[in-house]
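Scroll down for the structure; my scribbles are underneath it.
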Amino acid sequence: MNSTSENLMKKINRIPALPGVYKMLDSQGRIIYVGKSISLKNRVRSYFTKNHNWKKVEKMVAFIHDIEYITTDTHLEARLLECRLIKEIKPIFNAQFKNHEKYVYLKVEDYNPYNPLAIVNNREENSFGPFRRRSFLINLIDSLKNLYPIIRESKTYTFQYKLMPTSMDKDAFEMNKNTLLSILSNEEEMGLFVGELEKKMHEAASKLEFAAASYYRDLIYGLNYARKRIHEYKSLISKDILLKIPISEGYKLFFISNGRLLLKSTYTSLSQGDMERFIDMGKTLKSSPVNELDEKSSLDFRDILYSEIEALPKEMVITIK
């Protein structure tokens, strides 16, 4: 082991077993990777084991000359910091978070008899998203073509699966367009449509029509993913949320409003009065001007907030009236 490797291993052994963010640097001092962990020591040491299941890790380790780290009180802060640093630095070995400019939207088109849905790069009228995965939208658009026209009748949707897509005249297109807008705009309507697809899937399977059943299965998966992407933030954006997370020194409070983290503070001991004053400060910040992130960049931070809120025990998540 050369002196550089020895110094690196000494530094790794001094890294604390705390939440935080680590930065891998090459011999020129360039940050080539940013990561986060609930235990920095364990995560960083794992890169230097003999066996890696991921070829990318093996390749990256060969370039690591130094390691820097930042400790945080909570895993939530580590995740948010990791996201921000990747967007700012754009390290060569990171894939997630750094290319939000490439996120896309699903748009319900004006008259186009062969393709009622399209992928657009920016928010437009009758568009939904943003979505990270362009390939997912391509597959969803191609799959839906085999059902058109989709008709809303009474309390259900009617459609017919076809091996080859068919063109629609203008009247059929407009009816289909309004149906798509309803399905994509309204979570209940999308749920109703998915329910009809599930019935069709079971019918096809019972008739041993496995190709059709697989088609419906994949379409249901795609629509459920779209439903999550379009609608999952509504509860997060529509209310103010207080997070009360235990830490080694006491508690850390977070005030979240409109899908944004506005305020955080640490308390060695926490009283009801402390919480009320913290909430009042958070509400004051709601009316203060802030530098808004663009919609695509905000997606990643909101994803982190949403997933952490969903994962935390209920007693740590308080909806503010």
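Numbers for the structure displayed
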{"quantity": "Ser297 small (Gly, Ala, Ser) and touching a residue at least 60 places away in the same chain (Cβ under 8 Å)", "calculated": "yes"}
{"quantity": "Residue list for the range 209-234, restricted to those being among the basic types (Lys, Arg) and open to solvent by 40 Å² or more (accessible area, probe 1.4 Å)", "calculated": "Arg217, Arg227, Lys228, Lys234"}
{"quantity": "Scan of the range 73-100 for residues that are crowded, with 17+ Cβ neighbours inside 10 Å and more than 21 Å from Val44 (Cβ to Cβ), ordered by number", "calculated": "Lys87, His100"}
{"quantity": "Hits in the range 132-172 (condition: in a helix (DSSP H, G or I), open to solvent by 60 Å² or more (accessible area, probe 1.4 Å) and of a type in the set (A, V, I, L, M, F, W, C))", "calculated": "Ile138"}
{"quantity": "Considering residues of the range 192-208 that are surrounded by 15 or more Cβ atoms within 10 Å (Cβ to Cβ) and of a type outside the set (A, V, I, L, M, F, W, C) only, the residue farthest from Ile256 (Cα to Cα)", "calculated": "Lys200"}
{"quantity": "Boolean, Ile38 is at pLDDT 90 or above and in contact with a strand residue (DSSP E or B) (Cβ under 7 Å, 6 or more places away or on another chain)", "calculated": "no"}
{"quantity": "Qualifying positions in the range 101-128 - open to solvent by 20 Å² or more (accessible area, probe 1.4 Å), closer than 22 Å to Gly222 by Cα and touching a residue at least 24 places away in the same chain (Cβ under 8 Å)", "calculated": "Lys102, Glu109, Tyr114, Asn115, Arg123, Asn126, Phe128"}
{"quantity": "Which numbered condition Leu293 misses (of (1) open to solvent by 60 Å² or more (accessible area, probe 1.4 Å); (2) under 28 Å from Lys90 (Cβ atoms); (3) at pLDDT 90 or above; (4) not in a strand (DSSP E or B))", "calculated": "(3)"}
{"quantity": "Residues of the range 13-72 satisfying the condition of being β-branched (Val, Ile, Thr), open to solvent by less than 80 Å² (accessible area, probe 1.4 Å) and not in a strand (DSSP E or B)", "calculated": "Ile15, Val44, Thr49, Val57, Val61, Ile64, Thr72"}
{"quantity": "Check on Ser298, modelled with pLDDT under 90, closer than 20 Å to Leu80 by Cβ and of a type in the set (Ser, Thr, Tyr)", "calculated": "yes"}
{"quantity": "Residue, farthest from Val104 (Cα to Cα), within the range 309-321, restricted to residues that are part of a helix (DSSP H, G or I) and open to solvent by less than 90 Å² (accessible area, probe 1.4 Å)", "calculated": "Met316"}
{"quantity": "For Val61: the one exception among (1) more than 30 Å from Tyr233 (Cα to Cα); (2) touching a Leu at 6+ places or on another chain (Cβ under 7 Å)", "calculated": "(2)"}
{"quantity": "Near pairs, Cβ below 9 angstrom, 6+ apart or cross-chain, from the range 193-205 (part of a helix (DSSP H, G or I)) to any residue that is of a type in the set (Ser, Thr, Tyr) and open to solvent by 60 Å² or more (accessible area, probe 1.4 Å)", "calculated": "Lys200/Tyr161; Ala204/Tyr161"}
{"quantity": "Only one of Tyr251, Tyr225, Tyr306 that is aromatic (Phe, Trp, Tyr) and either assigned to a loop (DSSP other than H, G, I, E, B) or out of contact with any Ser or Thr (no Cβ under 9 Å at 6 or more places or on another chain) (or both)", "calculated": "Tyr225"}
{"quantity": "Residue among Thr266, Thr284 that is out of contact with any helix residue (DSSP H, G or I) (no Cβ under 6 Å at 6 or more places or on another chain) and modelled with pLDDT of 95 or more", "calculated": "Thr266"}
{"quantity": "Residue within the range 235-247 that is on the phi > 0 side of the Ramachandran plot, in contact with a Ser or Thr (Cβ under 9 Å, 6 or more places away or on another chain) and either assigned to a strand (DSSP E or B) or open to solvent by less than 50 Å² (accessible area, probe 1.4 Å) (or both) present", "calculated": "no"}
{"quantity": "Any hit, the range 89-101, residues being more than 30 Å from Gly29 (Cα to Cα) and at pLDDT below 90", "calculated": "no"}
{"quantity": "Test: Tyr251 is crowded, with 18+ Cβ neighbours inside 10 Å, out of contact with any helix residue (DSSP H, G or I) (no Cβ under 6 Å at 6 or more places or on another chain) and either over 13 Å from Tyr306 (Cα atoms) or aliphatic (A, V, I, L, M) (or both)", "calculated": "yes"}
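The values are calculated or read from the model by the stated rules, or taken from the named source; none is laboratory data. Source: prediction; values computed, not measured. Don't worry about glycine lacking a Cβ; one is built from the backbone with ideal geometry, like all the others, and counts go over all protein chains shown. For accessibility, only protein heavy atoms count, side chains too; no ligands or nucleic acids. Shrake-Rupley method; radii C 1.70, N 1.55, O 1.52, S 1.80 Å.
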